[in-house]
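Asker: Just passing along the structure, written as structure tokens.
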Amino acid sequence: KAGVTQTPRYLIKTRGQQVTLSCSPISGHRSVSWYQQTPGQGLQFLFEYFSETQRNKGNFPGRFSGRQFSNSRSEMNVSTLELGDSALYLCASSSGAHSTDTQYFGPGTRLTVL
Amino acid sequence: AQKVTQAQTEISVVEKEDVTLDCVYETRDTTYYLFWYKQPPSGELVFLIRRNSFDEQNEISGRYSWNFQKSTSSFNFTITASQVVDSAVYFCALSEASGNQGGKLIFGQGTELSVKP
């Protein structure tokens, strides 16, 4: 089975712009979670989608949003980018049957905001 | 409150040494799962193990072993006869069964392991 894929792998944006990141889960997985990783804050949960519905949300401002499509692929959007949004954004997929299922991660998208 | 603490920020060992990475967690939930992930320089988090709160048996997988002790809220990870390829950042994570509508892993700050030849 192919693993979790994320596109693009690298992005450079300027402050005020918006960005969309994409995540394709492992085939058959219906849950996609997103995390932000920074040197200062570590790995933080953004949100989780299951069957096109957001089931859980972390403590991030409304500039961070996401969605999931019927094929379980997910996108994450960040509007009005700030310098502090520079981070590695990781998505993970799981079967979604239970909230504690093992999550398998993609390679991440490294976002740099100038 | 849920929290995972990995007190060791960096560990450096010489190849073939044994090394233990510590993980202490806090949760009020009685049903929870603990995980270890490895993050090599490429950035992808690689799943290593998942353990539920009702199973305190130690686990061994090749050179890797895990010691889960509920009494001390610890889930430590030992690499026996370390190799250069073990160099990476290792994360311990917690997932609670109740109050977690889905997909939320709480991570420790990570331990960067450097294995020198």
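Read the figures in this text as sums done on the coordinates, not as results from a lab. Here the structure is a predicted model, which is why all the values come from computation and not from measurement. So basically every Cβ, Gly included, is an ideal-geometry build from the backbone, and we count neighbours across all protein chains shown.
Asker: If you check A:Ser74 against the conditions, is it farther than 13 Å from B:Leu105 by Cα, more than 8 Å from chain B (Cβ to nearest Cβ), hydroxyl-bearing (Ser, Thr, Tyr) and without any contact (Cβ under 8 Å) to a residue 24 or more places away in the chain? I'd like the intermediate steps shown before the answer.
Answerer: On the way: farther than 13 Å from B:Leu105 by Cα: yes; more than 8 Å from chain B (Cβ to nearest Cβ): yes; hydroxyl-bearing (Ser, Thr, Tyr): yes; without any contact (Cβ under 8 Å) to a residue 24 or more places away in the chain: no.
No: the conditions fail for A:Ser74.
Asker: Continuing with this model, one more query. Report, by residue number, each residue of the stretch A:87-109 that is among the small types (Gly, Ala, Ser) and surrounded by fewer than 18 Cβ atoms within 10 Å (Cβ to Cβ).
Answerer: Once the filter is applied, which keeps residues that are among the small types (Gly, Ala, Ser) and surrounded by fewer than 18 Cβ atoms within 10 Å (Cβ to Cβ), the stretch A:87-109 yields A:Ser95, A:Ala97.
Asker: Residues in the stretch B:71-117 that are more than 11 Å from the chain's Cα centre (by Cα), closer than 22 Å to A:Gln44 by Cα and away from chain A (no Cβ under 14 Å): how many?
Answerer: The total comes to 2.
Conditions (1) more than 11 Å from the chain's Cα centre (by Cα); (2) under 13 Å from A:Tyr89 (Cα atoms), marked per residue:
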| site | (1), (2) |
| --- | --- |
| A:Pro8 | yes, yes |
| A:Gln17 | yes, no |
| A:Ser31 | yes, no |
| A:Pro39 | yes, yes |
| A:Glu48 | no, no |
| A:Ser51 | yes, no |
| A:Arg55 | yes, no |
| A:Gly66 | no, yes |
| A:Asn71 | yes, no |
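Asker: With (1) away from chain B (no Cβ under 12 Å); (2) within 29 Å of B:Leu34 (Cα to Cα); (3) not in a loop (DSSP other than H, G, I, E, B) as the list, and A:Tyr89 as the residue in question, which single condition is left unmet?
Answerer: Answer for A:Tyr89: the failing condition is (1).
Asker: Does the stretch A:92-114 hold any residues that are assigned to a loop (DSSP other than H, G, I, E, B), facing chain B (nearest Cβ under 10 Å) and among the polar types (S, T, N, Q), and which are they?
Answerer: A:Ser99, A:Thr100, A:Thr102, A:Gln103
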